[in-house]
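Here's the structure we're looking at; comments come further down.
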Amino acid sequence: MSDRWYQKAVVYCLDIDTYADSNGDGIGDIRGLIGRLDYLARLGVTCLWLNPIHPTPGRDDGYDVEDFYNVDPRLGTLGDFAELLHQAGNLGIKVIIDLVVNHTSDQHPWFQSARSSPDSPYRDWYVWADSAPPDRHQGMVFPGEQGETWSFDRTAKLWYYHRFYKFQPDLNIKNPEVREEIKKICAFWLQLGVAGFRMDAVPFIIEETEPGNPNSPKDMDYLTDLRQFVQWRKGDAVLLAEANVEPDQLVTFFGDGAGSNNRIHMLFDFMLNGQLVLALARQNPEPVIQALRETPKLPPGGQWATFLRNHDEIDLSRLTADQRDQVFAEFGPDENMQLYGRGIRRRLAPMLGGDRRRLELAYSLQFTLRGTPVLRYGEEIGMGDDLSLEGRDAIRTPMQWSDLPNGGFTSGDPIRPVVTDDQFGFHAVNVTRQRHDPTSLLSWFERMIRTLREAPEVGAGTCTHVDVPAPEGVLVHRADDHTGTMLFLHNLCTKDAVVDLSSVYAEAEFPNDVLADREYPDLGKFAEVPIAGYGYRWIRLRRSS
């Protein structure tokens, strides 16, 4: 990969403990993942994003870390992890890991020391208050599961702050020692060979919490400082951040306003994600068109990361109440399909009723919009979910590899049940079955990603809506860069349509379909371009020499 490799990457996200088990203990592990790297390379993955890998009490799926400098022994050893990096590198796959430094586990030695004595060197590594702050019932991330953001510690006889669960005390970012420790953590893993970090909960990391102040200041300059440190340690390392904030705040996470990308390289595009799901629910592209129009201009080097499903619920909090109700009615009508009053805890395949046409349409649209596509494990085969599991665990079930017991994930008792229902269970949906079917969803994903690699304009170029008279349900957009131009049509509704694109014909140089849901007639002079219901067309408009 070249400079700014992340702009042309295909990112694949997984939990090691639910991916592949090599020793039969029921828990996926690093050696199991190493054995599946060839599968990921064939799929077209160029960057692997690993959810938390550190030792943990396991109360929040690994996001309660008790040692930032090691690997959870259930997953393997540091030696195993070094081998993973080596073998992935041999296949041209970079690896990034979750950086969860907004908080620690309450079992972390730092917190245990901090609470034990006012003289502890770690006392000021956390955020304390002498009395109950008046805003302690505000700002909960998990409404219904959290009752407050400040809890009383009987040993310290003080209140401590926790933006998330009470067993996850927040680190005090105002403390210079904490800032330096975060840099040390980054340096350790960069030295081992990771290509960067997905930073969890960035708006909370930079929050300089003040008891009683629900709008505590945020130190954006810390992101500048951390970016500079990471870049000096490894020149092409990447920071991919989660920052679900208001649109007018987004650009400040990329840079300091002077026009340079000197903070975060990439941000997950939560705004587009919500509008994309709304468009699919309405079978109307207008929300996506609006999102493209309202996208803030990024500094050179800044990049969006697009996704349809990630490791959490689909977050609809940026939609209006009306819009949210429309999405719930279409994709999550039952209460047990919803989470925190704002999201849907389902995978995409069951949300779309297992409709293969709509699945291809949805992922074709995601992968052709501006930014770097992120794919959640199992989506490439259309895995289902298990709504009998608590909360977010519904979409964190084991990978389905074959017809073998437990879907080939493990020979032991799996860490979570493997999906077994008739439509999405492992006997119906698995890698081996789809590998032998050239028309399978897995085969389609491989073909689609190969085609994407021949269209670098999508990741590195501009993405704009083509404003032509189009039938209801049809989105036309284009990607332009110095390498050429790609033109895309997506029909979000069931009706076949014909689009007049003669206004762009003058730019065409030997135009042709490079990927489509079916064979279409020759494009001619673009006066009547047909597209089927739930159809899509990737048209190479021109290629620069």
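Regarding Asp355, is this residue over 21 Å from the mean Cα position of the chain (by Cα) and open to solvent by 20 Å² or more (accessible area, probe 1.4 Å)? Yes; evaluated as a whole, the condition is true for this residue. Quick one: what pairs do we get from the range 216-241, first residue outside any helix (DSSP H, G or I), second open to solvent by 10 Å² or more (accessible area, probe 1.4 Å) and at pLDDT below 95, C-beta under 6 Å, 6+ apart or different chains? Partner pairs satisfying both residue conditions: Ser216/Glu207; Ser216/Glu208; Ser216/Thr209; Ser216/Glu210; Pro217/Glu208; Lys218/Glu207; Asp219/Glu208; Met220/Thr252. Of the residues examined, Ala258 is not one that is over 24 Å from Ile381 (Cα atoms), within 19 Å of the chain's Cα centre (by Cα) and at pLDDT below 95.
Within the range 174-186, residues that are farther than 15 Å from Trp232 by Cα and in contact (Cβ under 8 Å) with a residue 24 or more places away in the chain sit with their Cβ atoms under 7 Å from residues that are assigned to a helix (DSSP H, G or I) and open to solvent by 20 Å² or more (accessible area, probe 1.4 Å), at 6+ positions apart or across chains, in these pairs: Asn175/Asp124. Annotation: of all residues in the range 56-109 being β-branched (Val, Ile, Thr) and not in a loop (DSSP other than H, G, I, E, B), the one that is nearest to Asp200 (Cα to Cα) is Ile97. Please specify each residue of the range 411-458 satisfying the condition of being under 22 Å from Thr306 (Cα atoms) and open to solvent by 10 Å² or more (accessible area, probe 1.4 Å). Within the range 411-458, Leu441, Ser443, Glu446, Arg447, Arg450, Thr451, Leu452, Arg453, Glu454, Pro456 meet the criteria. Hey, among the residues in the range 372-409 that are polar (S, T, N, Q) and open to solvent by less than 10 Å² (accessible area, probe 1.4 Å), which one's farthest from Met351 (Cα to Cα)? Residue satisfying both the conditions and the ranking: Thr372. Residues of the range 461-492 that are crowded, with 23+ Cβ neighbours inside 10 Å and either part of a loop (DSSP other than H, G, I, E, B) or of a type in the set (D, E, K, R) (or both): Leu492 alone. In the range 155-183, of all residues being aliphatic (A, V, I, L, M) and not in a helix (DSSP H, G or I), the one that is farthest from Pro214 (Cα to Cα) corresponds to Ala156. Scanning the range 313-341 for residues being of a type in the set (D, E, K, R), in a loop (DSSP other than H, G, I, E, B) and crowded, with 16+ Cβ neighbours inside 10 Å gives a total of 2.
The values are calculated or read from the model by the stated rules, or taken from the named source; none is laboratory data. Because the structure is a prediction, the values reported are computed rather than measured. Here the Cβ is made from the backbone with ideal geometry for all residues, glycine too, and neighbour counts use every protein chain on show. Protein only, heavy atoms only, side chains kept; ligands, DNA and RNA dropped before computing areas. Shrake-Rupley method; radii C 1.70, N 1.55, O 1.52, S 1.80 Å.
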